[in-house]
1. What are the residues in region 27-46 that are in contact (Cβ under 8 Å) with a residue 40 or more places away in the chain and touching a Pro at 6+ places or on another chain (Cβ under 9 Å), if any?
2. Go through the residues of region 54-74 one by one and say whether even a single one is among the acidic types (Asp, Glu) and under 30 Å from residue 277 (Cβ atoms).
3. Given the condition modelled with pLDDT under 90, in a loop (DSSP other than H, G, I, E, B) and on the phi > 0 side of the Ramachandran plot, answer yes or no: does some residue in region 198-220 qualify?
4. Mind counting the residues in region 95-154 that are at pLDDT 85 or above and either at positive phi or in a helix (DSSP H, G or I) (or both)?
5. What residue, of 187, 175, is under 26 Å from residue 233 (Cα atoms), in a helix (DSSP H, G or I), under 21 Å from the mean Cα position of the chain (by Cα) and of a type in the set (Asp, Glu)?
6. Got a number for residues in region 223-246 being within 27 Å of residue 175 (Cβ to Cβ) and over 17 Å from the mean Cα position of the chain (by Cα)?
Amino acid sequence: MLTIMSDNFHIYTDISFLPANEHEAYLKEGFSGLCTGGSAVIEVFSICHRISPNDLITILPSQLVTIREISKDFSMTFFKVSKTMFLDIMSSLGKITPDFFFYMRKNFHIHLNDRDAQRFLGFCRVIDYRESNDDSIFYRETILHLLRIYYWDFYTHFQKKISLKKDIPLNSKKEKIAFKFAMLVFEHHKTHREIAFYADKLCISPLYLTKVIQEINGQSAREIIADYIIVEIKKLLRDTNLEIKDVVRQTGFSNQSSMSRFFRQHTGMSPSEYRRTIHIMR
């Protein structure tokens, strides 16, 4: 029996539903929202911004976040994105390079003019309308398509800005290691899945690499490697011209059983089950 993946996706105006608070934590859910009143201080990986009306905040899952100094009249219109949904979004956006995620750590805040602020609120109204009127079977994929547009705009903006600068500023030696690790995983995850390979490339011990990645990213090195593999598998599964055996070959697994076992371990379903959820119209 096919299980439809469910993310309880909503548009919120009650700030008690924000996934961040005054206690610093790696978020299981990302969130994006427009400040509509008052002010608050949001800190992401030691980068602070005091947000006020018409400030748009976009924070990805697994980032280190705190929100404090919240005024009594602080208000936001926002949505939350689980890690699972975010990986599904990334799987259809092409080759999103890791430097984008490091860029977003430091550029999670944009001030909008009145026109663009209203455009974001209109985008939220479209999502809210879909939640009320779409068949539940199709709703999740509809939301994914809308969110792909949202995050794609950030990625194209990043590409324009980064073309003017060669490097993303990194705050510490450990952050530089985490950045280099992510870039190496992006390049080699199809053929190398062992931490020792990446530690050797970085000229450090596997134990130290594991410690640094956990400290900087709030995830283990193995989890990050697995995330890249899962995104790659999901991306290929979206191509209906590919058979499962083609996906196995292109992702470097020895056979279909090993890929299916890996995919089920990390998603709770087989590749075939996942494909049926994303091509429900067929």
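1. 28, 29, 30, 31, 34, 35, 36 - these are the residues of region 27-46 that are in contact (Cβ under 8 Å) with a residue 40 or more places away in the chain and touching a Pro at 6+ places or on another chain (Cβ under 9 Å).
2. no
3. Yes, some residue in region 198-220 is modelled with pLDDT under 90, in a loop (DSSP other than H, G, I, E, B) and on the phi > 0 side of the Ramachandran plot.
4. The qualifying residues number 37.
5. 187
6. 0
The values are calculated or read from the model by the stated rules, or taken from the named source; none is laboratory data. Everything numeric in this text was worked out from a predicted model, so none of it was measured. Positions of Cβ are generated from backbone atoms using ideal geometry, with glycine treated the same way; all protein chains shown enter the neighbour counts.
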